[in-house]
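The values are calculated or read from the model by the stated rules, or taken from the named source; none is laboratory data. This is a predicted model, so every value here is computed, not measured. No Cβ is skipped: glycine too gets one built from the backbone with ideal geometry, and neighbour counts run over all protein chains shown.
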Amino acid sequence: MFGRISLVVFVTLLAGCVSTATLKLDDEHSSSLHEKSLVVTTSDKPDFAAMTAGKVIVPLVGAVTMISEGNKIIRQHNVEDPAAFIGEEIAAQLATLRSMNLMPSSVPSSDGDIEYLSATHANQDFALDVRTINWSFGYFPSDWDNYRVIYSAKARLIDLHKEEVIAEAFCARVPEQSSTSPSYQQLVGDHAAGLKRELQIAAEYCVKELSEKLL
C-alpha cells in the first residue's frame, strides 16, 4: 500500500501545472537573433521534495514533510538549481549560431510573466528563460533502499520587445531502476555529492534535449 501511495505522490510532484508544448525556432525568428543581445533568466530555487520511507503514510502531511526535509538538504549542502547551468549552455550555443551578445545572467525571480521579464530587461533584445519545474528524489516503490533523482525544466526563448515566446520546450529525466541506483546515504553523504552528481547528469541531459527541441 505504501508503495502505491508513494507512487501517486511522486507522479503528482512531477507533473505540476506546466505546459509541455514544444515550439521550435523557425527560420524567420532565427534570423532576427543575429547580433542581438541575450540574457538568461531563471527563477528562485523551487521547493525540493525528498521522499524517504515512512514519509507518505498520510499523503498531504507526508508531502509537507518531504518538501521541508528536501529544502533543508538543498540549503545545508548548497545544492545549485540546474536551471542556470542549462540556460548558460544553451545561450552559448545561440551566441555561436547567431552571433548573439550574451549579457550577464539576471537575478533569479519567481515571476516568469513575459510582461514582467520584458519590463525588467527593457534594454535587452531577447531572454532565454529556464525554470526548474520539478527536482526531487525518492525511493523506488518496489525497493525502499535505493533512490532516483527526478528532474524537469521548461525553457522559453522570448522576444522582449514584442513580448512574444518564439521557441519553447520541456525536458524531464526520470531514471529507471538499475544496479547503480544510489542509496539515500550515497545521495546525501559527503555534502550531498551523489545528489549533486545526479542533478548534473540531469542538467546535461536537458541541455541536449532542449537544444534539439528549441534550435
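Here are a few things to note about the model shown:
- Residue within segment 146-153 that is modelled with pLDDT of 95 or more and surrounded by fewer than 19 Cβ atoms within 10 Å (Cβ to Cβ) present: yes
- Residue count for segment 121-176, restricted to those that are under 17 Å from L23 (Cβ atoms) and charged (D, E, K, R): 9
- Inside segment 137-147, residues that are under 21 Å from the mean Cα position of the chain (by Cα) and without any contact (Cβ under 8 Å) to a residue 40 or more places away in the chain make up a count of 0.
- Of the helices (runs of 4 or more DSSP H) contained entirely in segment 1-109, those carrying at least 2 residues that are at pLDDT 95 or above and buried (at least 19 other Cβ atoms within 10 Å of the Cβ) fall at 59-76, 83-98.
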